[in-house]
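For reference, the structure is listed below as structure tokens.
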Amino acid sequence: MSDLSGPAPVLALGGAAFDGYVRVAEEPLRAMFTLRGDLSAKALKNAATGLAAVDMPGQGQVALNGEHCIAWMSPDELLVMTPWDEHAKALGQLDATLTDPALNYTDVSQARALFSLSGPDGLVREVAAKLAPVDLSPAAFPAGSFRRSRIGQVSAAIWMPAPGRIEVVCFRSVADYVFTLLRDAARPGSEVGLFG
Amino acid sequence: MSSRLAQGGRLIDRGAMREFTFNGKRLKGYEGDTLASALLANDQVMMGRSFKYHRPRGVVASGSEEPNALMGIGTGGRFEPNQRATMQELFDGLQAESQNHWPSLEFDVGAINAKMSRFFPAGFYYKTFLWPRSFWEKVYEPIVRQAAGLGKAPKDKDADSYEHLYAFADVLVVGGGVAGLTAALEAGRAGARVLLLEQTAHWGGRAPVDGGKIAGEEAETHVANLVAELEAMPNVTLRLRCMGAGVYDHGYVLGYERLTDHLSDKSGPRHRLWRIRASQIVVAGGAIERPLSFAGNDVPGVMLASAVRDYAVNYGVAPGDRVVVVTNNDDAYRTALAMKAEGLEVPVILDARAAGGGALAEQARAAGIRVEAGKAVAKVLGAKRVTGVEVCAQNGSGSTIETVACDVVAMSGGWSPIVHLWSHCGGKLIWDETHAMFRPDPDKAPTGADGKGFVLCAGSSNGALLLSEVIVDAGRAGLAAAEAAGFEAPVAQSWQVDEVSEIPLAAVWLMPAGASYDKRAKTWLDYQNDVKVSDIQLAAQEGYESVEHAKRYTTLGMATDQGKLSNINGLAILSASLGEAIPQVGTTTFRPPYTPVSMGALAGQGRGETFQPLRRTPIHDWHESHGVQWEPVGHWRRPFCFPKAGESTHDAVNREVLTVREKVGLLDASTLGKLIVKGPDAGKFLDLLYTNMMSNLKPGRCRYGLMCNENGFLIDDGVVARIDENTFLCHTTTGGADTIHAHMEEWLQTEWWDLQVHVANVTEQYGQIAVVGPMARQLLEVLGTPNISKEELPFMAWADRVVGGIPCRIYRISFSGELSYEISVPAGQARALWEALYEAGHGFGVAPYGTEALHILRAEKGFIMIGDETDGTVIPQDLNLDWAISKKKDDFIGKRGQQRQHLALNPDRWKLVGLEVADGAVLEDGAYILDAGDNDKGQRNMQGRITSTYYSPTLKKGIAMALLKGGLSRAGETVEVTRLGTTPVAAKVVEPVFYDKDGEKQNV
């Protein structure tokens, strides 16, 4: 099933967006691959860096280059993303690089919903801080930070590609729940001013 | 009368008039007033009726410790009972009503209880209503509940929204008085990230009222300077109207921020719950003044001395015209001086100390105030309002020396440090004899994971009562906290403090010391729960020696104020009654929250639409627009059935079953768990997890497998497909997706870490659509699906195919016994595939079907369902699944469990059978199969139970599966099955496969 022809995949919420005191938006599909194995294995590193064209991230970090990125998920797991139009090419590359069966990749592009929070940096941080038990201060969570955490009651990963922008990925089935939480957290009148 | 003074009031804006109502009466106050100060300004001293005796009660305090002035605030969806008028800021349109009175606050029928108070002593309910026992629920309890109780429960759904916020700090400071500000400043200067919370709307706490100069400035100016410096520090966050509610393990603290309670405009969240992780916590909550225990100390107009001057200085309100001060310490003299300065009369200061007071007493005398040492209040005169006091000697039984007319009694029994937050997580207290108070024991702080303390107290919370001591102590605490949080601490700034010195108080727990029973029975300890000195003494006399028992017997400290004013006074009375020292009796446990917090704040975003996550399949919206009847399955919603217009649920289910048996049906099976198990040792791993052999499965083939726990009991089942040499796809039950994933990860991470295997949960990557029924193949062929004949894609095989232009993976597996293709498709294309199948199937009479049809179809085939035929105590052998248990494998999880004698060698295990009733009736779900005789408890013996029971539209009769002692060895027998409310019914034991026993229909 590596061939993704047929009708264009639809997003869980059809690209929902809300303009609150920060903007909450469902992002277009992005190719996402879970890589499992020894993170120091050359083939695994080559597979990840070959797709994303960035260096390997440290613990709790994401290495970014536009929509390309490698995120550190656990001592034996990476999440690699590329733009959706590189999906097929990426699958081919991964098949070619990860020939060792002890190294493993899984296409999870459509298992997920992807959201962005964008606006003034401090406000974007505080909207996320209403829902995720993460220290989102600029010092503790600078651009390039990545956390596997939760949004409300469900698993989510959040990261900061750049100041003023946080991206959130959750499972597709709970996209509506997560969007509703983010939307309510961003409603004008609920500003906190926690981060300046 | 109480009234607004002509001038003054540092917190009010006399240019901003605010209108509000109290019990429907329109009143006026000012911006900056609290509801309590505005009511006093309108001569409304009586603010409620007491809980038990319905006695008239007025405001006693000026802060969050207030026990009496509880109000119902707001209306409809914004009504909330038991709100303290002292903490409620005034706003235009505020609607308040007093509580616990009928028909009115001024005239209350329930006040008859007070006349009967002799007959309502401690433990009255326990003693009186024990007999006859049956009377409690029907007679006594409804009457007691009608007569007692404080606020009314809201009737409407809460109209407001609430939210949580996660915050982190190196040093969290709770309390924004001079102590908290000083501690925050030192911690902030040391570089720590500081969060400072203050529950009121103002910084500075008591200092601006109590006076003293810091660095040559008035306290108010100094506070403003401190705040300005803190606000300029980027590493410091300050929050007003945010209470530190509770301290929990690992530096977790709840902050309770009230955002709109003080505003007319209620838009936006009402409360915000701060969920804080702090490395170090500084508690700078101040201290609470204690009432004195004299007869009639609950009459409206008897107030804490500090509160009396707070109302004058902060709000420009005089609680009365003639103020008698009664005290055991110097501090209360400040009230007399403040009243005098406002031009009010202070006829006398009664100082219970035989030697009288210190420098402040001199100032009072100099101001022309009469000061009487060694004197006490014998009795307060007045009912709904203080009219005077009878004066007596403190030492003695209370013979009246003289009567003094007054309308306010300002009392002070000393101060108790606010040690609640110190104690929440295990901080211990020591008794300070000099000041007659419990204060934190610095050697026994609450400890964190490293065994070191993570809470410090600062200022009055730490027992420092003089301004100079407060400031030194707070600076020390702020620096110590920063240092403990890993910052290098400089030397604390020292401040020049000018203050009036004070001499020690004398502990006075009863006034006069030898008060008679009549007096003690009119001397209140706990205003909110109506507990008197005589009640505690009675409890002690009856053997309630532990403070925890005495508390529960008398209800002392159990009201919404949690005994902030009453606990220390109560335990002093208890210890005196027991003849023990106060520290030997000890305190009751301080538990969070510090004051009540709203349920809404605790729930936060977890209500309404986001009460809990609802999981939707990629085809969810289609179901919704096609008349689906939902069934909750975990957090998922799955279609139960799709009734057509006018069709009953039962008819819809039957139609769906027959459509599958005769034509073709579509099932959204997306919720099934899909776990990819990959690696060189994947086969070996699965052989250990499943009871049957998986490693010899050929790529391209599927096999049904069972999974057990270590005890041998079934936990999950599903079809495993081998994708390639190193890769398997394991289907789990809907509920098992996450738990089986976790089960696999646990074994891989803790026991079999040497296996080279990785597991990925791809449940949500794919939609899965089952195309089921004799016409399933034709339907797929209409959509141009190639190579799906029996030969090219046989039963229990899988293949990648393009269906309707969409690349899919098709599994030839069947849970219905019919020809079946389960099509896996990337989630984003699942809806398109579903619609294509639905449209192409029109000519075949296709219909979507739901979980109930699915269940009936599988029950007709005798297929088990995890959770129906299993309940955590069922082994595969009980379900006749011996064929799925490998005898070749050395081991698998559950193997040894199943070999235990009571499982392996027990002929009486309840095992799977089918049941049929002669007239085709449907047995009741969960019914028992009766056995002969009774057990030793006189209950009828059972020999089995119904696990699944349905009406089979295919067979046109009821069918059931059951677990029966002896199982199929009893085929042909007739057994008795229970029915609710009627006689049992006879059922015949049969094979549990009711339809297509040879499995020919699925294998075509």
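Overview of values
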item	result
Where B:Asp473 falls short, out of the listed (1) touching a Gly at 6+ places or on another chain (Cβ under 6 Å); (2) in a loop (DSSP other than H, G, I, E, B)	(2)
Which numbered condition B:Leu70 misses (of (1) touching a helix residue (DSSP H, G or I) at 6+ places or on another chain (Cβ under 7 Å); (2) under 25 Å from B:Arg290 (Cβ atoms))	(1)
Residue that is nearest to B:His741 (Cα to Cα), among those in the range B:694-727 that are surrounded by fewer than 20 Cβ atoms within 10 Å (Cβ to Cβ) and of a type in the set (A, V, I, L, M)	B:Ile723
Residues that are hydroxyl-bearing (Ser, Thr, Tyr) and buried (at least 24 other Cβ atoms within 10 Å of the Cβ), drawn from the range B:535-581	B:Thr554, B:Ser566
Residue selected from the range B:490-505 under the condition among the aliphatic types (A, V, I, L, M) and in contact with a strand residue (DSSP E or B) (Cβ under 9 Å, 6 or more places away or on another chain), by the criterion surrounded by the fewest Cβ atoms within 10 Å (Cβ to Cβ)	B:Val497
Pick from the range B:191-205, criterion touching a helix residue (DSSP H, G or I) at 6+ places or on another chain (Cβ under 8 Å) and crowded, with 24+ Cβ neighbours inside 10 Å, ranking: nearest to B:Ala287 (Cα to Cα)	B:Gly205
Residue that is farthest from A:Ile70 (Cα to Cα) [pool: residues in the range A:144-181 that are of a type in the set (S, T, N, Q) and at the interface with chain B (Cβ under 8 Å from one of its Cβ atoms)]	A:Thr180
Any hit, the range B:728-749, residues being part of a strand (DSSP E or B), within 11 Å of another protein chain (Cβ to nearest Cβ), modelled with pLDDT of 95 or more and surrounded by fewer than 16 Cβ atoms within 10 Å (Cβ to Cβ)	no
Yes/no for B:His420 being surrounded by 15 or more Cβ atoms within 10 Å (Cβ to Cβ) and touching a Phe, Trp or Tyr at 6+ places or on another chain (Cβ under 6 Å)	yes
Within the range B:914-1004, strands (runs of 3 or more DSSP E) holding 1 or more residues that are touching a Ser or Thr at 6+ places or on another chain (Cβ under 7 Å) and not assigned by TED's automatic domain parsing to the domain that holds B:Val772	B:928-934, B:957-965, B:982-990
Any hit, the range B:732-753, residues being within 19 Å of B:Phe795 (Cα to Cα) and not hydroxyl-bearing (Ser, Thr, Tyr)	no
Restricting the range A:32-51 to residues that are small (Gly, Ala, Ser) and farther than 22 Å from B:Pro826 by Cβ, the residue that is surrounded by the most Cβ atoms within 10 Å (Cβ to Cβ)	A:Ala48
Subset of the range B:670-693 that is more than 21 Å from A:Arg36 (Cα to Cα) and within 14 Å of another protein chain (Cβ to nearest Cβ) - its residue that is surrounded by the most Cβ atoms within 10 Å (Cβ to Cβ)	B:Ser670
Extreme residue, surrounded by the most Cβ atoms within 10 Å (Cβ to Cβ), among residues of the range B:753-772 that are more than 8 Å from every other protein chain (Cβ to nearest Cβ) and part of a loop (DSSP other than H, G, I, E, B)	B:Val757
Filtered residues of the range B:224-268 (kept if touching a residue at least 60 places away in the same chain (Cβ under 8 Å), part of a helix (DSSP H, G or I) and within 14 Å of chain A (Cβ to nearest Cβ))	B:His250, B:Gly251
One residue from B:Ala364, B:Ala354, B:Ala378 being of a type in the set (A, V, I, L, M), buried (at least 22 other Cβ atoms within 10 Å of the Cβ) and over 49 Å from the mean Cα position of the chain (by Cα)	B:Ala364
Complete set of residues in the range B:618-637 that are within 14 Å of chain A (Cβ to nearest Cβ), of a type in the set (D, E, K, R) and assigned to a strand (DSSP E or B)	B:Arg637
Long-range neighbours under 9 Å by Cβ, at least six apart or interchain, first residue touching a residue at least 12 places away in the same chain (Cβ under 8 Å) within the range B:512-525, second assigned to a loop (DSSP other than H, G, I, E, B) and among the acidic types (Asp, Glu)	B:Lys522/B:Asp298; B:Thr523/B:Asp298; B:Trp524/B:Asp298; B:Trp524/B:Asp530
Those residues of the range B:838-864 which are in contact with a Leu (Cβ under 9 Å, 6 or more places away or on another chain) and in a loop (DSSP other than H, G, I, E, B), in sequence order	B:Val846, B:Tyr849, B:Gly850, B:Gly862, B:Phe863, B:Ile864
One residue from A:Leu98, A:Leu117 being within 14 Å of chain B (Cβ to nearest Cβ) and crowded, with 18+ Cβ neighbours inside 10 Å	A:Leu98
Residues located in the range B:182-212, provided they are without any contact (Cβ under 8 Å) to a residue 60 or more places away in the chain and closer than 19 Å to B:Val313 by Cβ	B:Glu198, B:Trp203, B:Gly204
Index of the failed condition, B:Leu833 passing every other in (1) within 14 Å of chain A (Cβ to nearest Cβ); (2) surrounded by 21 or more Cβ atoms within 10 Å (Cβ to Cβ); (3) outside any helix (DSSP H, G or I)	(3)
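Table: residues versus (1) more than 14 Å from every other protein chain (Cβ to nearest Cβ); (2) farther than 21 Å from A:Ala96 by Cβ.
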{"residue": "A:Ala12", "(1), (2)": "no, yes"}
{"residue": "A:Met32", "(1), (2)": "no, no"}
{"residue": "A:Lys42", "(1), (2)": "yes, no"}
{"residue": "A:Gly58", "(1), (2)": "yes, yes"}
{"residue": "A:Gly66", "(1), (2)": "yes, yes"}
{"residue": "A:Leu79", "(1), (2)": "no, no"}
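Matching residues to (1) within 43 Å of the chain's Cα centre (by Cα); (2) within 14 Å of chain A (Cβ to nearest Cβ):
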{"site": "B:Glu751", "(1), (2)": "yes, no"}
{"site": "B:Phe795", "(1), (2)": "no, no"}
{"site": "B:Ala799", "(1), (2)": "no, yes"}
{"site": "B:Cys808", "(1), (2)": "no, yes"}
{"site": "B:Arg812", "(1), (2)": "no, no"}
{"site": "B:Ser824", "(1), (2)": "yes, yes"}
{"site": "B:His855", "(1), (2)": "yes, no"}
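The values are calculated or read from the model by the stated rules, or taken from the named source; none is laboratory data. Computed from a predicted model, the values in this text were never measured in an experiment. We place every Cβ from the backbone using ideal geometry, glycine too, and count neighbours over all the protein chains shown.
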